[in-house]
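Here the structure is laid out as structure tokens; the discussion comes afterwards.
The values are calculated or read from the model by the stated rules, or taken from the named source; none is laboratory data. Note that the structure is a prediction, hence the values are computed from the model and not measured. Glycine gets a Cβ as well: all are built from the backbone with ideal geometry, and neighbour counts include every protein chain shown. Areas reflect the complete protein model, heavy atoms only, side chains present, ligands, DNA and RNA absent. Shrake-Rupley method; radii C 1.70, N 1.55, O 1.52, S 1.80 Å.
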Amino acid sequence: MPALVVVGAQWGDEGKGKIVHFLGEGADWVVRYQGGDNAGHTVVFDGQKYALHLIPSGILQPGVKNVIGDGVVVNPRAFVDEVKMLEKRRIKVRGRLFLSLAAHVILPYHIYLDTLREEGGRGIGTTKKGIGPCYEDKVARIGIRVADYLDADAFRNLVRQNLKVRAADLARVKSLKLIEEEVFDGYEARRRFLEGFAADTGLLLDAAKRKGAKLLLESAQGSMLDLDHGTYPFVTSSSPVAGGACVGSGIGPTTITAVNGVTKAYTTRVGLGPFPTEIEGHVAHYIREVGHEYGTTTGRPRRIGWLDVPQLKAAIRMNGLTSFTMTKLDTLSGVHPIKVCTAYKLGGRKILEFPISRRAQLEVEPVYEEFPGFSGDLKGIRKFDALPRGAREYVLAVQKLLAVPISIVSIGQDRDQTIVRDARRLWS
Ligand code: IMP
């Protein structure tokens, strides 16, 4: 019974949505285990483009069952909208999507609190989707879970108690009475809607596992945005790393058989925080425009940088990566030379590891190796050997530096534009 975790190996936006959709064809269940509608997964197939925020990309694979796991934070309004959007586009959702009763709900006041903090001078560049404040409530043990949301009396009481706890901050936005009205506006219809999807998803996954089902566990965001292992405090409030797949879905670590890390052929980041290989100027501009490097959720322009081996080595370590997917190789066509950071300089010393201290993360200077690059349109190519020599050399050189196989190379948004180099180590 294989269970593959697909994680972002950088700062998010690596193209996990496409890869999960691609690998989802071989899976029975796809499970989203953390984050909320801060994520933006773009999937293109049959000439159609789908932007998913909350629902696993496996929903676009007929026959695959999907779970929004215990570790996810769910905005009920976003959930309803996304299901309706899919149904409008004739995707069958009912009976194929299960929402954990243990997932926490994001309510309008979480969004107000997120926005207040972001706009009050202490921001880190969040998506303002209420993610941080909802996880804060969870950790403070005052959070509201889907099971509570479905129990109208319990929900009313919990909301009133929580509004009192947050009263001092919320009073700066509008009266508590108005916020309370907003929470309950249309609640009964949403409650009934969510009821149709809610389940004990840990039990469902356990039963599937016993029957030998193939599980694919999908992270949102990326390893460097992980609350414990990322560039704290410029991180999200959950655990995108592979360990989070167990916590956020309720399956034990012995179930996981492989972990694929998704990395772009370069690096991007949205929001504030350290980014050692960040570049500006015409190369950054070229990559941003050719690669459409604008946030799926917020539309913000993404910061651009070269591939960073010490950063990816940290991702290998913290996730136990068994293979990589390299996405957006096509975007680098026409970039000469292509640089890869192989080490950092810090205080006159050469270091090979991504540092923990925030000062060091800001002060490290990348040491680069240069590659000549390649030209031409890669999008029609379906075999690794048919790629331009410079592209192949780049992938193989990066693989050597990482010492983990790059099993999949993606050269475009469409599902077909995917080259599987080595399928053997993908699932086990
Ligand atoms: P939050 O998750 O909205 O609290 O934002 C925290 C940090 O994570 C910010 O730097 C965001 O830009 C970043 N972030 C959150 N979701 C994503 C994503 O899906 N892709 C890339 N960055 C993200």
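What the table shows:
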{"item": "Distant-in-sequence amide H partners of Gln10 (H built 1.01 Å from N, under 5 Å)", "result": "Ser223, Met224"}
{"item": "Too-long pairs where the Cα-Cα distance tops 29 Å, listed order kept, from Lys16/Lys383; Lys128/Lys400; Lys138/Lys211; Lys18/Lys211; Lys214/Lys383; Lys128/Lys328", "result": "Lys128/Lys400; Lys138/Lys211"}
{"item": "Choice from Asp70, Asp206, Asp385 with maximal GNM fluctuation in the chain (Cα, 10 Å cutoff)", "result": "Asp385"}
{"item": "Of Thr254, Val67, Thr268, farthest towards positive along the dipole that unit charges on Lys, Arg, Asp, Glu beta carbons give the chain", "result": "Thr254"}
{"item": "Other-chain or far-sequence residues with amide H under 5 Å of Arg302's (modelled H)", "result": "Tyr294, Gly295"}
{"item": "Eligible aspartates and glutamates near Lys313 by straight Cα distance, threshold 18 Å, same-chain separation 8 or greater", "result": "Glu14, Asp226, Asp228, Glu278, Glu353, Glu365, Glu369"}
{"item": "GNM top mover of Thr201, Thr254, Thr127 - the chain, alpha-carbon springs below 10 Å", "result": "Thr254"}
{"item": "Total charge dipole magnitude, the stretch 262-425, about the Cα centre, Cβ charges on Lys, Arg, Asp, Glu only, Debye to nearest 20", "result": "460"}
{"item": "Gaussian network model of the chain, Cα within-10 Å springs - most flexible of Val241, Val409, Val80", "result": "Val80"}
{"item": "Accessible-area composition of the chain, carbon plus sulfur, in percent [1.4 Å probe]", "result": "52"}
{"item": "Relative contact order, percent, the stretch 262-425 [alpha-carbon distance under 8 Å, six or more residues apart]", "result": "24"}
{"item": "Antiparallel bridge percentage (DSSP; both residues within the chain; nearest 5)", "result": "40"}
{"item": "Loop sites in the stretch 118-178: chymotrypsin sites (Phe, Trp or Tyr not before Pro), DSSP, at most 10 other Cβ within 10 Å", "result": "none"}
{"item": "Sequence-distant lysines (8 or more away, or on other chains) whose Cα lies within less than 18 Å of Lys177", "result": "Lys164"}
{"item": "Placed amide H near Ile406: partners under 5 Å, 5+ positions off or other chain", "result": "Phe324"}
{"item": "Radius 12 Å from Cβ of Leu401, net charge of other residues (Lys, Arg +1; Asp, Glu -1)", "result": "0"}
{"item": "Loop chymotrypsin sites (Phe, Trp or Tyr not before Pro), the stretch 317-390 (other Cβ atoms within 10 Å of the site Cβ: 11 or fewer; DSSP)", "result": "none"}
{"item": "Per residue value of the accessible surface for the chain (all protein chains in place, 1.4 Å probe), Å²", "result": "41"}
{"item": "Residues of type lysines that Lys92 reaches as a straight line, Cα spacing below 17 Å, ignoring anything fewer than 8 places off in the same chain", "result": "Lys49, Lys65, Lys84"}
{"item": "For the stretch 6-95, alpha-carbon Rg and Dmax in angstrom", "result": "12.2, 34"}
{"item": "The stretch 103-142: relative contact order as a whole-number percent, Cα under 8 Å and 6+ apart", "result": "48"}
{"item": "Rg/Rh for the chain, where both radii come from Cα atoms and Rh is the Kirkwood radius", "result": "0.97"}
